[in-house]
Amino acid sequence: MKKTALLVFPLALLAACATPQQDITPSVSQTPPVLSPEKTGAVLIGPLVQITDYFLTTAGEKTVTLNGKSLNVSWRLKNTYAYDAQNRLIRQRTTVWNNSSWWEELSYQYTPDLAQRYQNSENKDLLNILLLTDKGYIKGNASPDEYIYNSDGYLISYKGNGQQDTYTVKDGNVVAKETVYNSGGVQRNSYEYDLTKPSIPSPLTFRGQQNRNLLVKQTLVSTNLASSVSQTTVFIYSYNYDQQDRPIREFVVADTEATPRSVREFVYQ
């Protein structure tokens, strides 16, 4: 395993966040004053202990509301996370809705390099050693420069798995990402954030500094170099919040689609 999958994403009482609010229309921010970096860092929210992915269905297990419209959803994939005393990820366990006996798990041991063990319900057991920087961020396993960071600890380059990723960081957020595939395709993403809200923390604590603010818009331009044909897709990110103003549900809607492409719920430590 060369590259751990990201997905897409700070302490409070578990009782306050274990059950996300339902039937809440995502609020639309006006344009409040921008908070200082010290007040918008992801550390203010606390680590994630669970991320649940949902799919839309006519007979869902629950109802959620997006922009005043009710949506029936059922859970599809659930990831739970555990951390050590330094808030470093030590375990990720995945289960699925349609097979109660299936699971897979990644565990991490910092030695000081990162021993990554993969196990699953089919008795697979694989060990992978990931090299770490002196700040505890992954350098890679195929070579020591798969991952490159800037002086602030943000990931700015990744090379592997048949692709080259280049990240542009501004004011604590990744504002652009370019992916060039060996096959000839190119994807360019640009990102916009709500600068008044902290980001949803990524459980992948060894992937460098995390975005400071909450993602609200993604513009993807995909280009086939052979034909020079480009396609642009815009994704809007909307959220439900709990009483502590933490995002507990995320909707991702593409401008080419009428319903959310992704619905995720978050539980914080």
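The values are calculated or read from the model by the stated rules, or taken from the named source; none is laboratory data. Just so it is clear, the structure is predicted and the values come from calculations on it, not from any experiment. Here Cβ is always computed from backbone atoms with ideal geometry, including for glycine, and neighbour counts include all displayed protein chains.
Observations on the model:
- Residue check for Ser107: in a strand (DSSP E or B) and either surrounded by fewer than 17 Cβ atoms within 10 Å (Cβ to Cβ) or among the hydroxyl-bearing types (Ser, Thr, Tyr) (or both): yes
- Filtered residues of the stretch 184-201 (kept if part of a loop (DSSP other than H, G, I, E, B) and surrounded by 21 or more Cβ atoms within 10 Å (Cβ to Cβ)): Ser199, Ile200, Pro201
- Any hit, the stretch 107-130, residues being at pLDDT below 95, of a type in the set (A, V, I, L, M, F, W, C) and either in contact with an Asp or Glu (Cβ under 9 Å, 6 or more places away or on another chain) or more than 19 Å from Pro203 (Cα to Cα) (or both): yes
- Taken across the stretch 68-84, residues that are farther than 28 Å from Phe251 by Cα, assigned to a strand (DSSP E or B) and of a type in the set (A, V, I, L, M, F, W, C) do not occur at all.
- The listed residues are Thr179, Thr223, and the only one of them that is closer than 26 Å to Arg264 by Cβ and surrounded by fewer than 18 Cβ atoms within 10 Å (Cβ to Cβ) turns out to be Thr179.
- Test for Val216: is it surrounded by fewer than 17 Cβ atoms within 10 Å (Cβ to Cβ) and either over 26 Å from Leu131 (Cα atoms) or at pLDDT 95 or above (or both): no
- Single residue of the stretch 228-266 satisfying the filter (β-branched (Val, Ile, Thr) and crowded, with 18+ Cβ neighbours inside 10 Å) that is nearest to Thr52 (Cα to Cα): Val263
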